[in-house]
């Protein structure tokens, strides 16, 4: 998993993302996150009742993927394996797309081999 310096809380999108740069791509792991007492609060992994935790090491992975040097990306949605991808409203669905796009944009900062458009 990436270092804290390679983590961003997209609070307005309700996602916390950890980035791990490689030589020609950046790997991302995203977690559903809401405001907790002292920072982000995550859904706890393998909790049948969707308990919450402040510890990232105990959090349920929502998505993972990578963005390559040429802008191509691949994504897996672990949340779907737990149950399904659920949105309470249109905003939840839009936010998922926006956080994936934010990871794509973030790759430009993290990857020295990025090809400029």
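Summarise the long-distance tail of P(r) for the range 40-101 by giving the % of C-alpha pairs beyond 16 Å. Working shown, then result.
Working: 1050 of 1891 pairs.
Looking at the range 40-101, the distances longer than 16 Å represent 56 percent of pairs.
Relative to the first principal axis of the alpha-carbon coordinates of the chain, what is the inclination of helix 90-110, with its axis defined by its Cα atoms, in degrees from 0 to 90 and to the nearest 10?
40
What do you get when you divide the Cα radius of gyration of the chain by 2.2 N^0.38 Å, with N the number of residues? Don't jump to the answer; show the numbers that get you there.
Numbers: Rg = 14.2 Å, N = 117, 2.2 N^0.38 = 13.4 Å.
Rg over 2.2 N^0.38 Å, computed on Cα atoms: 1.06.
Only helical DSSP H runs with n ≥ 4 go in: add -39500 (n - 2.57) per run for the chain, normalise by residue count and round the 222 nm mean residue ellipticity to 500 deg cm²/dmol. Before the final figure, lay out the partial values.
Numbers: 2 runs with 26 residues, N = 117.
Calculated mean residue ellipticity at 222 nm is -7000 deg cm²/dmol.
Multiply the residue gap between residue 11 and residue 92 by 0.36 nm, knock off their C-alpha separation, and tell me the result in nm, one decimal place. Display every interim value, and only then the final one.
Details: separation 81, 0.36 × 81 = 29.16 nm, distance 1.26 nm.
Difference between extended and current length: 27.9 nm.
Suppose the chain between residue 75 and residue 24 were pulled fully straight at 0.36 nm per residue; how much longer would it get relative to their current alpha carbon spacing? Mind showing how you got there, number by number?
Numbers: separation 51, 0.36 × 51 = 18.36 nm, distance 1.64 nm.
Gain on stretching residue 75 to residue 24: 16.7 nm.
Taking the Cα centroid of the range 37-69 and of the range 8-32, what is the distance between the two, rounded to the nearest whole Å?
The range 37-69 and the range 8-32 have Cα centres spaced 12 Å from each other.
Rule-based calculations on the coordinates, nothing more; no lab input. As the structure is a prediction and not an experimental result, all values here were calculated from the model.
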